[in-house]
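Here the structure comes first, spelled out in structure tokens, and everything after it is commentary.
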Amino acid sequence: MECCDCIETPWPADELLVKYQYISDFFIALAYFSIPLELIYFVQKSAFFPYRWVLMQFGAFIVLCGATHLINLWTFTMHSKTLAIVMTIAKISTAVVSCATALMLVHIIPDLLSVKTRELYLKNKAEELDKEMGIIRTQEETGRHVRMLTHEIRSTLDRHTILKTTLVELGRILGLEECVLWMPSRASATLQLSHTLRNQMPIGSTVPINLPIITEIFNSNEAVHIPPTCPLARIKSTVGRYAPPEVVAVRVPLLNLSNFQINDWPELSAKSYAVMVLMLPTDSARKWHDHELELVEVVADQVAVALSHAAILEESMRARDMLLEQNVALDLARRDAEMAVRARNDFLGVMNHEMGTPMNAIIALSSLLLEIELTPEQRVMVETVLKSSNLLATLINDVLELSRLEDGSLELDVQNFNLHGVFKEVINLIKPVAAVKKLALTLSMSPDLPVYAVGDEKRVVQTILNVVGNAVKFTKEGYVSVVASVSRAESLRDWRTPEFYPVSTDGHFYLRVQVKDSGCGISPQDLPHLFTKFAQSRGGTNRNNDGAGLGLALCKRFVNLMEGHIWIESDGLDKGTTAIFVMKLRVCNIQSDASGQEVVLRARQN
């Protein structure tokens, strides 16, 4: 075998140094071969690992370096040229792989740095999320306490119990040394201590309400830190204490408590406030946290709502008691009124019956006296007696009818009747009086006016007779005209009479009667009082006030019973009067019954 002279020893070889180099190359080669095995094991065990090809290239570089050191072991002794060539190839391969690996690392390092940056960013985000989760947990804990406190507060509607429960629960949850409540006094000039948790301050103590610290509390929606030595806290400094306890105060709006007072509770205005003072334990270094202050503020608002509900309940209970008392009084008054009405009706009924018999006898005898020969003076006296008797009999009947109308005992007697015959009957009754006064009395009935109708014939006759009789009575000369027609509901609606709103219905019609005269007229100031009981017009020189003032009042009530309306128009004194009334009647569809009523009417007229 050809020996290699590539290495010439420039100095004599030291056996010990050569031995150390030989051993070192062996261990270096062993280390280089073990590192790729460990990398391969790590890649296999890792679920995800980026840049695997770079790792393979780095492994090849390490293997080549180990091979170079391993081959170098045989160069310490005489070796062949083939070994030198293998050694050269190994070193060239190692150089190429090492350069390629170095170039790859230049591109990989920025990615690795960005990964590290992203890792730091994610770590910071995780820390922020942990903080937010802590805040959320704190808020949940605060919300739980608020719900618990709200439940305890609203479990009663007694205001003193509400406030005492609030102080006890706040002291238990927050671990307070003391919790007190200052209420405004009656004059709103001072704050008075009304409730305490541990009675460290005497109940009934007062402080001026115009203190700057109190003004600051009233003007703030949040809890305010106050000095522990201020009049609201009244904590005296103690020797040996390093720091005084922290004290906060929050306002409590007193809602909906105006004009209300029970026992020792002051009367409060709608914008007044109470002050709740809370202090931490004196022997600890605790500080108020934000969530604790938020809890105090929410509880103060809940206390305000609970107090308002309690006040409203107490006001409603008091109003209920007052209403019960008023209802009892009204019920007694109603019973008394009903008894008075029954007594009046009984009296009027008895008087009508007892006075009617002698009155009819007086009227009959007076009528008989007029048929015999009398001197003019005697005739005047008998006519006066007859006229006064008729007036008194009419007055008695009208008073009885009006009484029955007012107490609701009068009911309409609805039946078929001859409507045309009713008008002719009234005209025949009035015509002799009009003839004596030389008045032109005319009757006009429209062609569409039904001959027969369904209603209370007696009330219809009484209404027409009263209105036409008044026209004849208060007309000295001229005329009296009666016009009967059918009106549509829409044409009768007038904004000046909102209480009368006619509505068209099938099978009914509205009878409109207009009575116009050329009499003395009515003054405008008397028109509103014409339908008042026992009221008479005081105007007009030609009016003969010999009536009782009940005729028109009865007519108005009769018309209202028949779902109608009556009114009077006049341009003034001595300018005539127009009386108009409307009543609702039903159309008669049974001709046989109507014919029977016509026979009865004619027999009565004859």
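The values are calculated or read from the model by the stated rules, or taken from the named source; none is laboratory data. Predicted model only: the values in this text are computed from it and were never measured. Counting neighbours? That spans all protein chains shown, and the Cβs are built from the backbone with ideal geometry, glycine included. The protein model used for the area step is the full one, side chains on, heavy atoms only, and it has no ligands, DNA or RNA in it. Shrake-Rupley method; radii C 1.70, N 1.55, O 1.52, S 1.80 Å.
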With the requirement that a residue be open to solvent by less than 40 Å² (accessible area, probe 1.4 Å) and touching a helix residue (DSSP H, G or I) at 6+ places or on another chain (Cβ under 7 Å), what does the range 219-231 give you?
A223, V224, I226, C230
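Within the range 335-364, how many residues are out of contact with any Leu (no Cβ under 9 Å at 6 or more places or on another chain) and either under 20 Å from S389 (Cβ atoms) or surrounded by 11 or more Cβ atoms within 10 Å (Cβ to Cβ) (or both)? It would help to see each step written out before you state the result.
Restricting attention to the range 335-364, the residues satisfying the condition of being out of contact with any Leu (no Cβ under 9 Å at 6 or more places or on another chain) are 335-344, 346-347, 350, 353-354, 356-358, 360-361, 364.
Now narrow it down to the ones that are either under 20 Å from S389 (Cβ atoms) or surrounded by 11 or more Cβ atoms within 10 Å (Cβ to Cβ) (or both): 337-338, 341-342, 344, 347, 350, 353-354, 356-358, 360-361, 364.
Count: 15.
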Residues being of a type outside the set (A, V, I, L, M, F, W, C), assigned to a loop (DSSP other than H, G, I, E, B) and out of contact with any strand residue (DSSP E or B) (no Cβ under 8 Å at 6 or more places or on another chain) - total across the range 189-220
3
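Anything in the range 536-562 that is among the aliphatic types (A, V, I, L, M) and either modelled with pLDDT of 60 or more or surrounded by 20 or more Cβ atoms within 10 Å (Cβ to Cβ) (or both)? List them, or say none.
Within the range 536-562, L550, L552, A553, L554, V559, L561, M562 meet the criteria.
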Please indicate, with yes or no, whether at least one residue in the range 441-464 is of a type in the set (D, E), within 22 Å of R557 (Cα to Cα) and under 53 Å from the mean Cα position of the chain (by Cα).
yes
(1) open to solvent by 10 Å² or more (accessible area, probe 1.4 Å); (2) modelled with pLDDT of 85 or more all hold for E267 apart from (2)
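Considering only the range 288-295, I want to know if a residue exists there that is of a type in the set (A, V, I, L, M) and either in contact with a His (Cβ under 8 Å, 6 or more places away or on another chain) or within 29 Å of F218 (Cβ to Cβ) (or both). Can you show your working first?
Narrowing the range 288-295 to residues of a type in the set (A, V, I, L, M): 293, 295.
Checking the rest, the ones that are also either in contact with a His (Cβ under 8 Å, 6 or more places away or on another chain) or within 29 Å of F218 (Cβ to Cβ) (or both) come to 293, 295.
Yes: one or more hits.
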Within the range 518-529, which residues are closer than 21 Å to S481 by Cα and either of a type in the set (D, E, K, R) or open to solvent by 20 Å² or more (accessible area, probe 1.4 Å) (or both)?
S518, L527
Answer residue from the range 571-589, given it is of a type in the set (A, V, I, L, M) and open to solvent by less than 50 Å² (accessible area, probe 1.4 Å) and is nearest to S523 (Cα to Cα) among those
A579
Would you call K164 among the basic types (K, R), more than 19 Å from V277 (Cα to Cα) and modelled with pLDDT of 70 or more?
no
Say whether the condition of being modelled with pLDDT under 85, touching a Lys or Arg at 6+ places or on another chain (Cβ under 8 Å) and either of a type in the set (D, E, K, R) or not in a loop (DSSP other than H, G, I, E, B) (or both) is met by at least one residue in the range 500-517.
no
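Taking T229, is it polar (S, T, N, Q), modelled with pLDDT under 85 and under 17 Å from E246 (Cα atoms)? Steps first, answer last, please.
Details: polar (S, T, N, Q): yes; modelled with pLDDT under 85: yes; under 17 Å from E246 (Cα atoms): yes.
Taking the combined requirement at face value, the residue satisfies it.
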Failed criterion for R186 (all others in (1) assigned to a helix (DSSP H, G or I); (2) farther than 25 Å from L280 by Cβ; (3) in contact (Cβ under 8 Å) with a residue 24 or more places away in the chain hold):
(1)
Anything in the range 283-295 that is buried (at least 16 other Cβ atoms within 10 Å of the Cβ), closer than 14 Å to G175 by Cβ and modelled with pLDDT of 85 or more? List them, or say none.
W288
What number of residues within the range 185-218 satisfy the criterion of being open to solvent by less than 70 Å² (accessible area, probe 1.4 Å) and not β-branched (V, I, T)?
14
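Give me a count of the residues in the range 568-590 that are among the aromatic types (F, W, Y) and modelled with pLDDT under 90.
Going through the range 568-590 one residue at a time, the tally reaches 0.
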Return a yes/no flag: does the range 458-477 have any residue that is open to solvent by 40 Å² or more (accessible area, probe 1.4 Å) and farther than 23 Å from L439 by Cα.
yes
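Results for (1) farther than 19 Å from V582 by Cβ; (2) not β-branched (V, I, T), shown as yes or no for each residue.
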| site | (1), (2) |
| --- | --- |
| V436 | yes, no |
| L439 | yes, yes |
| E457 | no, yes |
| V460 | no, no |
| V467 | no, no |
| K473 | yes, yes |
| V480 | yes, no |
